[in-house]
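Worksheet: one structure, shown below.
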Amino acid sequence: MADLPHVLIVDDSRVVRASLSQHLRGHYEVREESDGEAAWQTLVLDHSIQAVISDLQMPKLTGYELLERVRTSKLRRLQQLPFILVSGEETEEERAKAKAMGVSDFITKGVGSAEILVRLNNLLTLTCAQENLDSGRESMVQDPTSGLYSRKYLELQAAQALSHSARHGVGTSVMVLGFDGFAELGERFGEAVAEQIANRFAKMLAGKMRQEDSLGHFGAGQFAVVSPGTALSFCVTFADRVRQAVEVARLSVQGQSVGVTVSIGVAGIPLDQVTSAASLLDLAGQRMREAMQSGGNRTESGGAAAATRTISLHHALELLTANRTQAVLPHLDALGKQLLPLLKLMDQELGLALPLAEIERRLNERATKK
């Protein structure tokens, strides 16, 4: 009996409840309630109930009122729960009202076991099919393991972004990121561990994105970001920041310190002449592969330059720790000006006699020459 589907029968007549239970016995596990209010409490608390058979006229809460609560509930399982009303002398107007409120079916008082079972079985089969369909749609949208968007869904997001760009005259950019040597990483630690490593970095990436951006899978060890309303130069800048952040990060995997790098391809309109969202993603993917073939750990944008944006002091220190001095040099003047107030405080508190005036003069000279 524990494996049978659970059905709730609601009627203020003990005789009617007993009759319906007898019809269902052996096919369903039956729970009974004598009024609508008690039935509502049971439905909220008992997640095992898969269908309701209810009378219309009951104390405390009528069948109509119970149906309304179920269909307007915030609980999704109740919104879609098969709900059968036992009809007697109701008018066509009352039946139409119940249909408008979302009743699943009607059965007539005194109907035989065979018809009740057929009606109930059909409803449960339909509900199961709908749940499978919904689950299939969700799997098209999100990967069940990582929770990230699927490639197909990213194409839909990119298509919407391109449509918005065409209407409002703004850019849309995409970047495709792939881990260099991902196959070798799988051979070293196993494919499942390699995927876990990639997903960990993807979640880090998700924390640095705007709310309107979409992150999803592109291939094995590869991810794509769709950025509506973003000029290609700013996407290139963001891609470089991501690439550098991955390079300086270290992971402990099976007791070993592991460093990884990524190659990134960037594409965007209106600079790249593409005709579809799929073409835009494919172009970014092609550029990612070109970056990998050129040695990896680089960004390929088809010649588009990065927008000038100063890196943070924290990021500069990370790069220096990783011996990436060349990546810091273009930002040296701006970083020096940020540090001046701190140097002045240190000079004052520690009595260092630092040549602050000379440092500031030379920074200004460099800025003037540029």
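General remarks:
- Surface analysis of the chain yields an accessible area of 55 Å² per residue, using protein heavy atoms and a 1.4 Å probe.
- By definition, a body whose alpha carbon gyration tensor gives a ≥ b ≥ c is prolate when a/c is 1.5 or more and a/b is larger than b/c, and the chain fits this prolate description.
- Highest mobility in the GNM of the chain, judged by mean-square fluctuation with C-alpha springs under 10 Å and restricted to VAL170, VAL103, VAL246, is found for VAL103.
- Computed on protein heavy atoms with a 1.4 Å probe, the accessible areas place GLU212, GLU93 in the order GLU93, GLU212, largest first.
- Measuring nothing but protein heavy atoms, the accessible surface of segment 181-270 at 1.4 Å probe radius is 49 percent carbon and sulfur.
- Antiparallel DSSP beta bridges within segment 212-370, percent to nearest 5: 80
- Taking a Cβ cut-off of under 12 Å around LEU280, the surrounding Lys, Arg, Asp and Glu residues balance to a net charge of -2, with basic ones at +1 and acidic ones at -1.
- Normalised by the number of residues in segment 166-270, the average gap of Cα pairs under 8 Å and 6 or more apart makes the relative contact order 43 percent.
- Nearest-ten-degree value, helix 36-45 long axis tilted from longest Cα axis of the chain: 40
- Taking each residue as 0.36 nm, the span from ARG362 to THR42 lengthens on full extension beyond its C-alpha to C-alpha distance by 107.5 nm.
- The angle separating the long axis of helix 356-369 from the principal Cα axis of greatest extent in the chain is about 80 degrees.
- Separation of alpha-carbon centers, segment 340-363 and segment 212-284, rounded to whole Å: 40
- Three-way shape call for segment 18-83 based on the alpha-carbon gyration tensor, with the a/c threshold at 1.5: oblate
- Whether segment 1-137 is rounded, prolate or oblate, judged on the alpha carbon gyration tensor where a/c under 1.5 counts as rounded: rounded
- Surface accessible to a 1.4 Å probe, MET204 within the full protein complex, Å²: 60
- The chain: calculated mean residue ellipticity at 222 nm from DSSP helix runs of at least 4, using -39500 (n - 2.57): -16500 deg cm²/dmol
- Summarising the strand pairing of the chain, around 50 percent of its internal DSSP beta bridges are antiparallel.
- Crossing angle, helix 232-248 versus the chain [Cα axis fit, 0-90 degrees, rounded to tens]: 90
- Taking the chain as a Gaussian network of alpha-carbon nodes connected by springs under 10 Å, the highest mean-square fluctuation of the residues LEU81, LEU345, LEU232 belongs to LEU345.
The values are calculated or read from the model by the stated rules, or taken from the named source; none is laboratory data. This one's a predicted model, so the numbers in the text were calculated from it and none came from an experiment. We place every Cβ from the backbone using ideal geometry, glycine too, and count neighbours over all the protein chains shown. Ligands, DNA and RNA are excluded from the accessible area calculation, which covers all protein heavy atoms including side chains. Shrake-Rupley method; radii C 1.70, N 1.55, O 1.52, S 1.80 Å.
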